[in-house]
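The values are calculated or read from the model by the stated rules, or taken from the named source; none is laboratory data. For clarity, every value in this text was computed on a predicted model and none was experimentally measured. Virtual Cβ from ideal backbone geometry, glycine too; neighbours counted across all protein chains shown. Note: areas computed on protein heavy atoms with side chains; ligands, DNA, RNA excluded. Shrake-Rupley method; radii C 1.70, N 1.55, O 1.52, S 1.80 Å.
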Amino acid sequence: MTAGEMNDFPLTKNFNLREFQCTCCGQVKLHPLLVQRLQLLRERVGKPLVVNSGYRCPRHNAALGGAPQSYHLRGMAADIRVAGVSIAQLATWAEDLGFGGIGIYPGFIHVDIRPGKGRW
Ligand SMILES: [Zn+2]
């Protein structure tokens, strides 16, 4: 098994580490609470949840214009979407399941596990 293939190993029923890798370099950090909450959200939604962006290395985060203290840099945030589910509905479910920060964007939501940030 190669190092890359090892990232296909399941973390939860519906997620593996590959889905959270930085898209520019393949590095990854992932807080267990993030993937645990995403799994709960996946079960609430009942459809595949697509991770647009999980971990970002500092270089990639800067290239995207991300906040310097972004939770993506700490493996504590993900940008997600679900085909056939509205952003508003997805945000409401994420809030109910205890995600601390929820950002609403065209076509996806940002969720993170910081305490008590709320929506933006
Ligand atoms: Zn990178």
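So here's what we get for this one:
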quantity: Antiparallel content of DSSP bridges confined to segment 16-119, in %, to 5; calculated: 85
quantity: Student exercise, the chain dipole from Lys, Arg, Asp, Glu Cβ charges, in Debye to nearest 20; calculated: 180
quantity: Per residue accessible area of the chain, 1.4 Å probe, in Å²; calculated: 54
quantity: Alpha carbon convex hull of segment 10-99, projected area averaged over orientations, nm²; calculated: 5.7
quantity: Pairwise FRET efficiency - Gln27 versus Ala67, Cβ, R0 = 22 Å, nearest 0.05; calculated: 0.75
quantity: Cross-link partners of Lys13 among lysines (Cα-Cα below 25 Å; sequence separation of 8 or more within a chain); calculated: Lys29, Lys47
quantity: Alpha-carbon centroids, segment 83-98 and segment 55-72: separation in whole Å; calculated: 24
quantity: Backbone HN-Hα couplings from phi across segment 23-29 [Karplus 6.51/-1.76/1.60, Hz, Gly and Pro as x]; calculated: 6, 8, 9, x, 5, 8, 10
quantity: Whole-Hz ³J(HN,Hα) from phi, Karplus 6.51 cos²θ - 1.76 cosθ + 1.60, for segment 55-72, glycine and proline x; calculated: 6, 10, 5, x, 5, 5, 4, 5, 4, 7, x, x, 4, x, 9, 3, 5, 4
quantity: Sum of -39500 (n - 2.57) over DSSP H runs of 4+, divided by residues of the chain (222 nm, nearest 500); calculated: -8000 deg cm²/dmol
